[in-house]
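Beneath this line is the structure, given in structure tokens, with notes to follow.
The values are calculated or read from the model by the stated rules, or taken from the named source; none is laboratory data. Being a predicted model, the structure only gives us computed values, none of them experimental. Here the Cβ is made from the backbone with ideal geometry for all residues, glycine too, and neighbour counts use every protein chain on show. Keep in mind that these areas ignore ligands, DNA and RNA; they rest on the heavy atoms of the full protein, side chains included. Shrake-Rupley method; radii C 1.70, N 1.55, O 1.52, S 1.80 Å.
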Amino acid sequence: MVDLESEVPPLPPRYRFRDLLLGDQGWQNDDRVQVEFYMNENTFKERLKLFFIKNQRSSLRIRLFNFSLKLLSCLLYIIRVLLDDPTQGHGWSPIIWVNRSLPLWGLQVSVALISLFETMLLGYLSYKGNIWEQVLRIPFLLEIINAVPFIITIFWPALRNLFIPVFLNCWLAKHALENMINDLHRAIQRTQSAMFNQVLILISTLLCLIFTCICGIQHLERAGNKLTLFDSLYFCIVTFSTVGFGDVTPKIWPSKLLVVIMICVALVVLPIQFEQLAYLWMERQKSGGNYSRHRAQTEKHVVLCVSSLKIDLLMDFLNEFYAHPRLQDYYVVILCPTEMDAQVRRVLQIPMWSQRVIYLQGSALKDQDLLRAKMDDAEACFILSSRCEVDRTAADHQAILRAWAVKDFAPKCPLYVQILKPENKFHIKFADHVVCEEEFKYAMLALNCICPATSTLITLLVHTSRGQEGQQSPEQWQKMYGRCSGNEVYHINLEDSTFFAEYEGKSFTYASFHAHKKFGVCLIGVRREDNKSILLNPGPRYIMSSTDICFYINITKEENSAFKKQEQHRKNNESKSCYHGTSRLPVHSIIASMGTVAIDLQDAGCRSSSGPTLTLPSERGKDGRRPSIAPVLEVADSSSLQTCDLLSDQSEDETTPSDDDISTGLEYAKGYPPYSPYIGSSPTFCHLLHEKVPFCCLRLDKGCQHNYYEDAKAYGFKNKLIIVAAETAGNGLYNFIVPLRAYYRPKKELNPIVLLLDNPPDMHFLDAICWFPMVYYMVGSIDNLDDLLKCGVTFTANMVVVDKESTMSAEEDYMADAKTIVNVQTLFRLFSSLSIITELTHPANMRFMQFRAKDCYSLALSKLEKKEREKGSNLAFMFRLPFAAGRVFSISMLDTLLYQSFVKDYMISITRLLLGLDTTPGSGFLCSMKITEDDLWIRTYARLYQKLCSSTGDIPIGIYRTESQKLTTSESQISISVEEWEDTKDTKEQISYRSNHRNSTSSDQSDHPLLRRKSMQWARRLSRKVPKHSGKTAEKISQQRMSLYKRSERQELAELVKNRMKHLGLSTAGYDEMNDHQNTLSYILINPSPDTRLELNDVVYLIRPDPLAYVPNTASSRKNSFCNTVGQDAREETQL
């Protein structure tokens, strides 16, 4: 039974349901009929049409055969002319009758028969009901004129020598060539090139005109001058070129008439062809044409995909991309859907860029445009979002689609994608390198609050610089700042390195210190061969291996350096080195291509009794020698290694809460945030609350059932506030909070965070921040003084002003920052002691931050910036005081991070580790420490490097230095427009006047025209009463007048603020209206030379080892392992 069932064939799927209804009988009685379906009508005409017209390849063969027949007929005509004797016959008979041999006649008749048959067949197949449309076509008429007379001569032999204008077949050949090119493009499935077709039509039209004129003149002149073909060619070329020698001219009127007709045709037809060609050329210039396949296979190129190309974006990309020597032979293909901007067009016409940059107008979503850019052969594709769009989410969506399209078209092409919002990152996880703008922006602004000028530090590290900026300046700080700005991050294998090869088997801190001591390079991180994770300062217990990849900061990479050995000389032998490691190596100096020399400094003292802690040495160090510093051990000793004891109250801070903490209930836990506002955020160990705060308690300015506070002052915070003024609470703002609540920051130094938002936050954002301690929000704006006072601006450590999305786009590009700049200037005038960190859309607008119209020093810096830009510097804006001090930042400065990752694929990872966006186990973090008076015994940067490496394992990477501004006097204070007084002033009085008013501000009078006018009148009255020769009296009165009006303006602003505070019921005790820090300047020294002297209030940037890397499993030791990060405004500074 089983065998019988197995023999029954299965039912077709479409019959099974019906069989269940009708049974087997319906299946057996069913008569199936096989039906064939045709895509075209199964008729003879349709099959012919399919072969001759519709099918691309067969149609191409037919047209190629037709083109060959027309050329053959023209060739046979030339042979007939060459064999003919024009001297036979008289009168008009040579024009009508010619000599044609029988074989030549047979060939011409055969060609005519085939051509006529083909023409009739194609006319039949393309017939659509109107026969006159087919008959009156010019190609059909020319075919009748050239073919029918030959067929007539078959039946009437007397007409075999009749002249037939076979040379007109050249026009039919031109028509066949055009159709053949169209079929060729269809057959090979390529985009038809309108430019190529138009050039082909123009050339063929010109050749047909000349050939027709040559043959016509030669034949008509058989009854005249008996011209040959060459004579006719010579006449036509001379005539059409308007030269007209006159040695060959037509004699009879028919030939003259033909010349007139041909000239008229040429004057009508050729200009039309040239106009179409010029139009297509202009359109091609706009679209950019194609990047040739041959060049793509022989040369290297990268593709830049953008929505709209601005000149700033283009120059940033080109300057950074071509700053690397090995990229000089690369081509840059720009694929942009918009027409080229006028400024971009002018720049791309410069020879330096015109030979290497190709602009293509097209979309990355079209395979045709990607093929034009030869994306499948590109070395990389950069996809940038348009940050100036009003809808930044839509801009991200466009970038995501471009990335998908490129990945689909060229899967092997490396992708470098810039995205704006962090929630869109997970859509492009397949990309090789991704930079999220808001992630980097908020993390950088957060670190600016605890490590001053972190934004400037990162910007200088990711920019390629020569280190020659400011070297011609008379200011010493500009020379040091410009020279140190040339430091970048490089990498090299340890076994191939001259810098680090000798430290194989030694600890990381030992290698970092000695490499800096000998060569001036700063080793900051390593990567194991079998691990993709980069470790920043893995600590003294990390042992260097020969296969490690070392990451270091230097003025140039080791491969571009030349080394010179030299003997060590000392002028005095008062002290000897106490180094007790292996044999002392010879001192080296690096002569880099950038022109810097690393200086080796030796330890002057022999005693190492100070221990590993950064504390002031004992009184024994005052016997004439410097206090000693413990040597850096080759291999870490756990007994002498002190990883986390920088503050004496650390154990108390982490283990036993204080009475104030118990009374206020501030007992925090350490852990990972339970909720992240977007997918893809890196988990970070943070200070958290045991229970999340109700949403009503997060509102700072409104009381609830849990508390009744309505302003920041009522909370009684111990530490100063950090205020963030933003338009909306985007998901990127989460990255501002996380670094400020990281686990390595002590509880006593946590600053309350107030989010001043223009729009209320949504619920999922509040759900993410409610687990963090001392984080509040308030709906308000920096335009409103009342909102600022309520959120606690008078006792704020840092005010962060984030660029608003709604103002990023403006009709005039650089006006997008106008509102932000004016608002910050208002804050600067109202609260002069407030530390304001501002984000701008355009870096060029940073010159307006804390603007002082007639400040001589600002004018000098403006001139310096122009000079550096003329020299080709990529960092011409670096000498602006707000940028150097870290007070202003533009996210567009980080565009170079994405471009630089093409050569340095590790730069994005290192930057994320420095900013705390990624946390790799065993990798250190960026922090800072401040130099106090008790720390100046260390004296130099090299000794500080040794002290840190031998005690805490920290690696210093730079110094943030603040010093008094030497030229702060404004022109408005030394040039009073009083004619009587100007005559009596001399140079000495101006110098003394300048020194007496060094601390005055510059915008006092210029901002108040009424006060300035009154002061001018008062000065004139005084000048009339005082004799002209009494310069001292005039100077004294001037000083009193300036100080009077200075006080008047400050008092006016102070009264305004105090009145608003009283109106709001706030105490005015914390408002310090006279505290002004405008007479200082700050700048960064990245990896300074070892002999750099430490100064008071220097802030040293440190990469501190991971406190959790070497922590035992016991709970008590875990609590003691957390390190302290000393911020700029910490109440207890680290003692060295």
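When a 1.4 Å probe is rolled over the protein heavy atoms, the share of accessible surface on segment 478-559 that falls to carbon and sulfur comes to 41 percent. What the Cβ-Cβ distance of residue 829 and residue 767 gives, at R0 = 60 Å and to the nearest 0.05, is a FRET efficiency of 0.95.
Spin-label model, residue 44 to residue 706: label points 7 Å out along the Cα-to-beta-carbon direction sit 9.4 nm apart. Multiplying the residue separation of residue 328 and residue 75 by 0.36 nm and removing their Cα-Cα distance gives an extension gain of 85.8 nm.
Spacing of the modelled spin labels on residue 312 and residue 691, each 7 Å from Cα toward Cβ, amounts to 4.9 nm. The simple Förster model, with R0 at 22 Å and r as the Cβ-Cβ distance, assigns residue 432 and residue 531 a FRET efficiency of 0.75. Charging the Cβ of each Asp and Glu at -1 and of each Lys and Arg at +1, and nothing else, the dipole of segment 826-970 about its Cα centre rounds to 620 debye. Step through the table entries 49/70; 366/429; 300/517; 441/867; 713/804, compare each Cα-Cα distance with 32 Å, and write down the pairs that go over it. The pairs that break the limit, which is 32 Å between Cα atoms, are 300/517. Evaluated with a Cβ-only charge set (Lys, Arg +1; Asp, Glu -1), segment 845-888 carries a dipole of roughly 80 debye about its Cα centre, given to the nearest 20. If you sort the three axes of the alpha carbon gyration tensor as a ≥ b ≥ c, you get a/c of 1.5 or more for segment 84-177 and a/b above b/c, which makes it prolate. Here's the picture: a label point sits 7 Å out from the Cα of residue 675 along the beta-carbon direction, and within segment 692-708 the residues with their amide nitrogen under 15 Å of it are 692-699.
Per residue, segment 345-429 exposes an accessible area of 44 Å² to a 1.4 Å probe, with every protein chain left in place.
Expressed as a whole percent, the accessible surface of segment 784-908 that belongs to carbon and sulfur atoms is 53, based on a 1.4 Å probe.
Each of 513, 489, 501 was scored by the projection of its Cα onto the charge dipole of segment 434-547, and the greatest displacement toward the positive side belongs to 513; charges sit on the C-beta of Lys, Arg, Asp and Glu.
In this rough spin-label picture, where each label sits 7 Å from Cα along the Cβ direction, the residue 55-residue 350 distance is 5.8 nm.
Calculated accessible area for segment 482-530 comes out at 28 Å² per residue, all protein chains present (probe 1.4 Å; ligands, DNA, RNA ignored).
Computed with a 1.4 Å probe over protein heavy atoms only, the accessible surface of segment 124-186 comes to 55 Å² per residue. The peptide list 944-953, 897-906, 488-497, 109-118, put in order of mean Cβ contacts within 10 Å with the highest first, becomes 944-953, 897-906, 488-497, 109-118.
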